[in-house]
Amino acid sequence: MAGSTCLPRDWTYAVEPTDLISLDSMLAAREVAVRDRVRAFVQQEIKPHIADWFERAHFPLEIVPKLGRLGLLGMHLDGYGCAGSSAVEYGLAAAELEAGDSGIRTFVSVQGSLAMTAIHRHGSEEQKQQWLPQLASGEAIGCFGLTEPTAGSDPASMATFARRDGSDWVLDGTKRWIGLANVAQVAVVWAQTDGGVRGFLVPTDAPGYSADVIGPKLSMRASIQCEVTLDGVRLPADAVLPGAIGLKGPLQCLNEARYGIAWGAMGAARDAFEEALAYAKGRLQFGRPLAGYQLTQQKLVDMALEINKGFLLALHLGRLKDAGALAPHQISVGKLNNCREAIEICRTARTILGGNGITLEHSPLRHANNLESVRTYEGTDEVHTLILGHKLTGVSAFN
């Protein structure tokens, strides 16, 4: 685990183009090392190919074992081949992955914060031993089936049902927007039962399980989302996650994913800013670089300020999480604010690029399109607004 000691005063660090407040001085040396290792991976393995993957709507399965070897799959978990990293280290990694593309960070989030966290936190020892080492190494892929065609923001209204048949369970229902469900080996599926919502480990080769890719999409194209049909899927008694009864189980997993999003969205924003800054310095208009015009400088300053504030917020949440003091409503602050600001930063960055900004040669519009999905999943702006409204007023506006 990373310590809380910040870098010594004489430690030399590379200043980020957006860094107006010496953010690196607030990080421990190990945290910087994790960030730089993931950044190098993204530079070598993601950025040279992402435009092609996005255009072809292709998720590169070949990078999954590489992510495993880097210790990025379930990296915040302990044991079973997981890295046992701190919350801040995981957040820094999420930011670097999303600077490459939201689809890549989303895969790591679904695998680690959703599927693996569900098994790690709520599974039996046998289930953990069977699945977590494979998922941590990237030998196997997991998916997380909660959302349904008519149950997105309101998971309590899910229609998928699991009934007992002797000692077995039989699942029927439909899930939608399930990441990588067509290439996963195990699906964590949440279903109503006579005893409340329960989680089930569903091998994806089980009879009655099918996953159809959703498309065409204008966002998250370098990723896969599916509609999953469960048609009389029969499971043994030991397929149920014994530690999760009710919606608290899946919601705990969602909070893990939401925390990572607070960092990841700022990674996309930072990459869009850096692209716009470099372009503004090199693009001549009316005999001078765009960066020399007051309106352009105002855009750059406003973007940099929000990126600095967003990373400060994410870092504060990470320190709270590592101290065991992070409250669910605070995660909503990070998810709501940083997604909302990141998408505006990416759109503003695109304006600096002019017409060239609509091509896949440049990243801002790709990031903005992806963030339309990131802003929606794991709780829409409206859901997180109402969570915070409840915190402020003491009155729930959900029903």
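The values are calculated or read from the model by the stated rules, or taken from the named source; none is laboratory data. Bear in mind the structure is a predicted one, so any value in this text is a computation, not a measurement. Backbone-built Cβ (ideal geometry, glycine too); neighbour counts: all protein chains shown. Ligands, DNA and RNA are stripped out before the accessible areas are found, and what is left, the full protein with its side chains, is counted by its heavy atoms. Shrake-Rupley method; radii C 1.70, N 1.55, O 1.52, S 1.80 Å.
Results, tabulated for the structure shown:
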quantity	calculated
Matching residues, segment 180-214, being open to solvent by 10 Å² or more (accessible area, probe 1.4 Å), of a type in the set (Gly, Ala, Ser) and assigned to a strand (DSSP E or B)	Ser210, Ala211
Sole residue being among the polar types (S, T, N, Q) and within 23 Å of Leu313 (Cα to Cα), chosen from Ser124, Ser85	Ser85
Enumeration of residues in segment 368-382 that are among the small types (Gly, Ala, Ser) and within 13 Å of the chain's Cα centre (by Cα)	Ser373, Gly379
Qualifying position, being over 20 Å from Asp154 (Cβ atoms), among the β-branched types (Val, Ile, Thr), modelled with pLDDT of 95 or more and within 22 Å of the chain's Cα centre (by Cα), among Val170, Val186	Val186
Which listed residue is under 24 Å from Ile387 (Cα atoms) and open to solvent by 10 Å² or more (accessible area, probe 1.4 Å), from Ala291, Ala327, Ala265, Ala278	Ala327
Selection count, segment 138-172, where residues are open to solvent by less than 20 Å² (accessible area, probe 1.4 Å) and assigned to a strand (DSSP E or B)	9
Failed item in (1) part of a helix (DSSP H, G or I); (2) open to solvent by 10 Å² or more (accessible area, probe 1.4 Å); (3) not basic (Lys, Arg), with Leu135 passing the rest	(2)
Residue check for Ala257: assigned to a helix (DSSP H, G or I) and free of Cβ contacts under 8 Å to residues at least 24 places away in the same chain	no
Residue in segment 87-109 that is part of a helix (DSSP H, G or I), at negative phi and more than 15 Å from the chain's Cα centre (by Cα) present	no
Qualifying position, being open to solvent by 50 Å² or more (accessible area, probe 1.4 Å) and under 20 Å from Arg258 (Cα atoms), among Val395, Val374, Val383, Val333	Val333
Filtered residue count, segment 46-82, keeping only those that are over 27 Å from Leu218 (Cα atoms), open to solvent by 50 Å² or more (accessible area, probe 1.4 Å) and part of a loop (DSSP other than H, G, I, E, B)	3
Segment 355-369 residues that are surrounded by fewer than 23 Cβ atoms within 10 Å (Cβ to Cβ) and in a loop (DSSP other than H, G, I, E, B), paired with ones that are among the aromatic types (Phe, Trp, Tyr) and modelled with pLDDT of 95 or more (beta carbon under 9 Å, 6 or more apart)	Leu360/Phe54; His362/Tyr279
Residue match in segment 18-32 (condition: of a type in the set (D, E, K, R), touching a residue at least 40 places away in the same chain (Cβ under 8 Å) and closer than 14 Å to Ala93 by Cβ)	yes
